[in-house]
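All remarks here apply to the structure that follows.
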Amino acid sequence: MKFFIDTANLAQIKEAYDLGILDGVTTNPSLMAKEGISGHDNVINHYKAICEIVDGDVSAEVISTTFDEMVAEGEALAKLHEKIVVKVPMIKDGVKAIRYFTDQGIRTNCTLVFSAGQALLAAKAGATYVSPFIGRLDDVSTDGMQLIEDIRLIYDNYGYETQILAASVRHAMHIVNCAKVGADVITGPLSAITALLKHPLTDNGLAQFLADHAKAEQAAKV
Ligand code: E4P
């Protein structure tokens with residue numbers, strides 16, 4: 001399973017990359033705004049800066065919502081760097097744009113997916129990635145993980161190559177459960193990824209090992 005980080009924060013992207021486990025980055029307009037990135041040139045430069053840090057795909061989302069505008073915006077984004085994947089919302093013109101980009105050899109990430117039907121359409125249009133938002137579904141008492149399982153079944157039934165990119169991941173158990181049900185990729189905050197590291201028995205065990213080692217060293221000296 002691939003690990004993407006869901007942020008536009010360069011320090012966090014670098015920290016995840018330095019850990020040696022990062023396969024890519026997803027951003028969205030809210031994440032860019034959170035970092036105070038605004039204005040055409042700043043946005044473009046920020047995407048380029050992200051591409052310089054990571055080895056892997058970097059999703060850059062279009063702001064437009066009509067076919068012609070999405071095509072123009074997506075083509076410009078795709079030209080920025082070979083790592084850029086054009087992120088397109090699951091709306092009617094978005095599906096058309098994904099088909100267009102696919103035919104042009106431009107990779108896409110279909111975002112804001114909340115149902116199996118939407119995921120089926122994204123695959124039919126040839127999306128490289130589909131992004132079901134599991135955390136936001138859980139937020140409204142709907143089982144986000146069930147959606148990942150349903151999409152896995154549908155894609156496997158027909159051999160669709162669209163990769164299931166579980167998005168809106170909020171915590172470590174989302175990641176573990178995504179791995180169990182066969183998501184191809186997860187994208188989440190650094191905190192969810194590093195939470196996978198933690199177990200109190202690891203900390204206690206290490207403390208004991210180090211204490212025993214220190215005691216043995218001390219005993220050897222006397
Ligand atoms: C997906 O690519 C989105 O950027 C993201 O995962 C949304 O997550 P959120 O629901 O935590 O905002």
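Laboratory data are not the source of any read-out in this text; all were calculated from the coordinates shown. Computed from a predicted model, the values in this text were never measured in an experiment. Here the Cβ is made from the backbone with ideal geometry for all residues, glycine too, and neighbour counts use every protein chain on show.
Here are a few things to note about the model shown:
- Axis of helix 92-104 versus longest Cα principal axis of the chain: the two differ by about 80°, to the nearest ten degrees.
- For the chain, built as a Gaussian network whose Cα springs stay under 10 Å, the top-fluctuating residue of Phe114, Phe67, Phe209: Phe209
- Helix 200-221 and the longest principal axis of the C-alpha atoms of the chain enclose an angle of approximately 30°.
- By the helix-only formula, in which each DSSP H run with n ≥ 4 contributes -39500 (n - 2.57) and the sum is divided by residues, the chain has a 222 nm mean residue ellipticity of -17000 deg cm²/dmol.
- Cβ-based exposure ranking for Cys51, Cys178, Cys110, in which fewest neighbours within 10 Å come first: Cys51, Cys178, Cys110
- Mean separation of Cα contacts under 8 Å, 6 or more apart, over the residue count of the chain: relative contact order %: 16
- Ranked by how many other Cβ atoms sit within 10 Å of their own Cβ, fewest first, the residues Ser168, Ser64, Ser38 fall in the order Ser38, Ser64, Ser168.
- Rule-of-thumb Rg ratio for the chain [Cα; 2.2 N^0.38 Å; N residues]: 1.19
- For the listed residue pairs Lys34/Lys92; Lys2/Lys34; Lys79/Lys180; Lys14/Lys124, the alpha carbons are over 32 angstrom apart in Lys79/Lys180; Lys14/Lys124.
- Summing +1 for each Lys or Arg and -1 for each Asp or Glu among the other residues whose beta-carbon sits under 12 angstrom from that of Thr111 gives 0.
- Rounded to the nearest whole Hz, the Karplus-based 3J(HN,Hα) values (6.51 cos²θ - 1.76 cosθ + 1.60, θ = phi - 60°) of the stretch 78-84 follow the sequence 4, 6, 4, 6, 5, 7, 6, with x at glycine and proline.
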